Every structure is written in structure tokens, then in C-alpha cells.
Amino acid sequence: MNATLIAVALSLVSAVAYAAAAVAQARLAGRTDPATGTLRLMGRGAWWAAVGLNAAGAVLHVAALKYGPLTLVQPLGALTLVAAVPLGARSAGRRVSRTEWRGTLMTLVGLAALLLAAGGAAPHDTLSLPEALCVAAVTMTLVAGLSRPGARPGLRHAAASGLTSGVASALTQTLTVAATDHSGPLLDWRLVTVALLVSFLALGGLLLSQTAYRGGLGAPLAVVTLANPVAAALIGLFLLGERLQGGLLGLLPALLGAVAAVEGVILLSRAQAGAPTPSGAPTPSGVATVPADAAPATVPVPPRRPSRVVISAPAPSVPLPAEPLVLHAAPPGSSG
């Protein structure tokens with residue numbers, strides 16, 4: 001089978017695994033108090049389920065990077081958002097809206113244009129140790145700036161997560177190609193250092209995405225989906241010698257496809273951000289929502305106990321003592 005087709009197939013299955021992990025993380029974030037620490041979060045089974053799905057997606061992604069270049073594999077990561085649409089709607093107990101279907105279609109059309117320009121041979125170039133360390137240092141600096149306290153933390157944490165994931169993918173490709181070409185020992189200092197960097201960035205991206213999903217799934221996942229391939233494609237084009245097919249002429253369909261994919265992602269993020277929350281589900285603030293058209297609940301009123309009316313009997317009539325009758329004798333000669 002063609003190496004490009006293998007890379008595409010592995011990327012599709014990887015996107016589904018990542019989508020399921022994102023939905024699981026978003027549901028966990030919606031049920032978790034924002035003040036909950038990382039250690040307490042790791043003590044929950046839902047967290048490890050999301051970690052397992054992310055690990056499965058990562059393994060498939062690594063396998064795809066063995067057969068396809070970064071400029072081919074990373075744009076397919078946008079299918080994570082496309083797969084998350086029906087999964088998220090099913091999890092929320094609702095139907096996929098028309099806007100979500102439009103966004104899905106535009107994203108697929110844009111990805112098709114990108115794949116026509118990005119398809120190429122299996123990768124052979126790898127990053128040197130100084131290049132890997134430099135890329136990791138620049139990434140950590142950008143992540144520190146994006147993670148600072150301020151407005152819209154969800155989108156900034158999502159951008160930081162997408163950036164770290166994209167760089168981790170680029171370093172993973174270096175690790176995979178260098179470990180499978182049998183040109184040197186497996187315990188080479190460069191491979192060990194790159195493996196440690198990949199582990200650190202992958203864990204950081206997972207924790208950053210968990211923080212980003214506290215504000216909902218749609219917009220943060222869209223930012224992660226866009227930042228990831230952009231970071232990886234820049235590394236592939238400027239450091240790994242990857243090129244778009246067709247030269248300058250192949251750049252035009254790639255740009256049109258990128259515009260269509262961005263528009264589709266924006267539509268999906270808007271639709272998911274405005275999707276109703278299931279009745280009684282906790283919002284990021286921890287308050288359960290109730291539909292606006294729901295009938296007011298009738299609160300049962302306990303029956304009143306009959307009041308005790310005490311009628312006092314009239315006090316017995318006690319005759320007052322008669323005043324003494326005093327008779328005065330009239331003087332003689334006065335008229336009676």
C-alpha cells in the first residue's frame with residue numbers, strides 16, 4: 001500500500017481517538033471545580049480514561065508520522081474537531097445542528113485541498129539536538145506567555161496546548177525516523193533527550209487542554225486544532241526541508257484550503273459554543289442549568305395543621321357587696 005494512504009488512514013483513526021478524549025476531558029472539566037488540583041484530578045477514573053484515549057491517538061499519530069510528512073499528517077488533525085461534533089452532541093443528548101454540518105463540510109473540503117498540496121514521500125530528515133533544544137526552548141517561552149493570568153484563559157491555554165502538541169509531533173517524527181533507520185544506537189544521547197522533551201511537552205499539552213476545556217469544548221478545541229498543524233508545519237517547512245507539491249502553483253490551493261478549513265472550524269466552534277447545555281448539567285461555574293421553556297416546578301406545600309383556638313369561659317359573676325344605706329334625720333319643720 002502507498003505510504004501516503006497508510007499515513008492518512010492512521011491519521012483518521014488517531015483523530016477519532018483524540019476526539020473521544022477531548023469529549024471525555026470536556027465532560028470531566030464541566031463536573032470539576034476549577035479549584036481542583038492536578039493530583040486530585042489524577043485520582044479520578046474519567047481522567048485516566050481520557051489519558052488512555054489520548055495515548056491511543058498518540059501511538060497512531062506516531063505511526064502516521066513514520067509514513068507521511070508533517071505537512072500531510074498534521075492538517076489531518078483537524079478531523080479531531082469534525083469527529084468531536086457528533087460525539088459531543090451525542091454526549092450532550094442533542095442533535096447535530098445545521099451550522100455544525102456546514103462547518104464539517106467546509107473543514108473537509110479545506111483539508112482535501114491541503115492534502116493535494118501537502119502529499120509527499122515518507123520523511124527522512126530529522127532535527128539535530130541543538131535544533132530540538134532550540135525549538136523546545138522557544139515553545140516553553142511562548143507557553144509561559146500564553147499561560148499568564150488575564151482575560152480569556154480558555155483560548156490562551158488552548159493555543160498553548162496546540163503549540164506544545166504540534167512541537168511534540170515534530171520531535172516525535174525525529175525520534176521515530178531516527179530510531180527506525182538503524183543508523184545508530186537506540187540509547188543515543190540525542191534520542192534520549194528528544195524522548196524526554198516529547199514526554200514533557202505531551203504531558204504539558206494534556207494538562208493545558210484540560211484547563212482550556214473548563215470554558216466548553218467548541219472554541220478551545222478549534223484553537224487547539226488550528227495551532228497544532230501550524231506549529232508542526234512551520235517546523236517541517238523551515239527545519240526539515242519539507243516542501244509543498246507544485247511549488248508556487250501548489251501554494252494557491254493550499255491557501256484556499258486553509259481559508260476554507262479555518263472558516264469551517266470557526267463555524268463549528270460557534271455552533272458548539274452556543275449549543276444548549278443538558279438540563280441539570282453543571283456549567284463551568286458549578287451551577288446547574290434549567291431550560292428557559294421549562295414549566296415552573298410546583299413545590300408541594302405541606303398541609304397546614306389546624307390552629308388551636310382557645311375560647312375562654314366567661315368569668316363567674318360575683319355580686320358586689322351592697323353599699324350601706326345611711327338615713328339622715330331631717331330637721332323638724334322641713335318639707336319631706
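The values are calculated or read from the model by the stated rules, or taken from the named source; none is laboratory data. Keep in mind the model is a prediction, meaning the values are calculated, not measured. Here the Cβ is made from the backbone with ideal geometry for all residues, glycine too, and neighbour counts use every protein chain on show. Just the protein is used for accessible areas: all its heavy atoms, side chains included, with ligands, DNA and RNA removed. Shrake-Rupley method; radii C 1.70, N 1.55, O 1.52, S 1.80 Å.
Laid out as a table, the results:
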{"quantity": "Subset tally (residues that are of a type in the set (A, V, I, L, M, F, W, C), more than 20 Å from the chain's Cα centre (by Cα) and open to solvent by 30 Å² or more (accessible area, probe 1.4 Å)) for segment 217-244", "calculated": "5"}
{"quantity": "Test set (1) surrounded by 22 or more Cβ atoms within 10 Å (Cβ to Cβ); (2) within 19 Å of residue 231 (Cα to Cα) - residue 103 fails condition number", "calculated": "(2)"}
{"quantity": "Unmet criterion (only one of (1) crowded, with 22+ Cβ neighbours inside 10 Å; (2) within 26 Å of residue 212 (Cα to Cα); (3) modelled with pLDDT of 90 or more) for residue 132", "calculated": "(2)"}
{"quantity": "Close pairs from segment 128-142: first touching a residue at least 12 places away in the same chain (Cβ under 8 Å), partner surrounded by fewer than 12 Cβ atoms within 10 Å (Cβ to Cβ), Cβ under 8 Å, at least 6 apart", "calculated": "129/189"}
{"quantity": "Residue within segment 26-42 that is among the β-branched types (Val, Ile, Thr) and modelled with pLDDT of 85 or more present", "calculated": "no"}
{"quantity": "Residue in segment 231-247 that is among the polar types (S, T, N, Q), over 14 Å from residue 73 (Cα atoms) and part of a helix (DSSP H, G or I) present", "calculated": "no"}
{"quantity": "Boolean, residue 146 is open to solvent by 60 Å² or more (accessible area, probe 1.4 Å), closer than 26 Å to residue 265 by Cα, modelled with pLDDT of 80 or more and not basic (Lys, Arg)", "calculated": "no"}
